[in-house]
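Quick note: the coordinates plus some simple rules give every number you see, no bench work behind them. Being a predicted model, the structure only gives us computed values, none of them experimental. Note: ideal-geometry Cβ built from the backbone for every residue, glycine included; neighbour counts use all protein chains shown.
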Amino acid sequence: MRRMVLIFVAVLCTGIAAYADDMSQGKDAGKGSAMTGWLCNSKCVKPSGSKNTCDKACTATEGDVVFIDSNGNVDNIANQEMVKSHAGKKVKMMAAMNKDSKMLQVYQVVQEYAGP
């Protein structure tokens with residue numbers, strides 16, 4: 001009888017620890033990963049060689065803001081309200097790609113860079 005109680009307590013403690021670990025990973029998973037690149041109005045994206053870049057002289061305001069990484073890849077952004085004020089600037093941000101919509105979900109713009 002004593003052995004059964006000890007086994008039950010051990011299984012119960014293991015289950016609680018596994019559940020707590022799963023919950024803590026779920027909380028951190030929504031923060032995305034650090035990404036550095038340009039936030040640019042979609043109307044201001046121009047090809048430069050084999051890469052896309054943001055035309056700094058462009059003054060268009062009617063397009064959506066997109067993210068251009070260091071390889072020149074352009075990604076659409078799901079939550080425009082988080083990035084509109086940073087359009088035309090190089091930034092570091094916390095974001096994750098939504099697998100269903102294939103759009104970036106931006107969680108936080110961490111830093112704006114002054115230089116290129």
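Within 13 Å, Cβ to Cβ, of residue 77, how many net charges do the neighbouring residues add up to if Lys/Arg are +1 and Asp/Glu are -1? Mind dumping the intermediate values first?
Details: positive: 84, 102; negative: 64, 69, 75, 81.
Result for the neighbourhood of residue 77: -2.
Spin-label model, residue 62/residue 33: points 7 Å from Cα along the beta carbon direction are separated by 3.7 nm.
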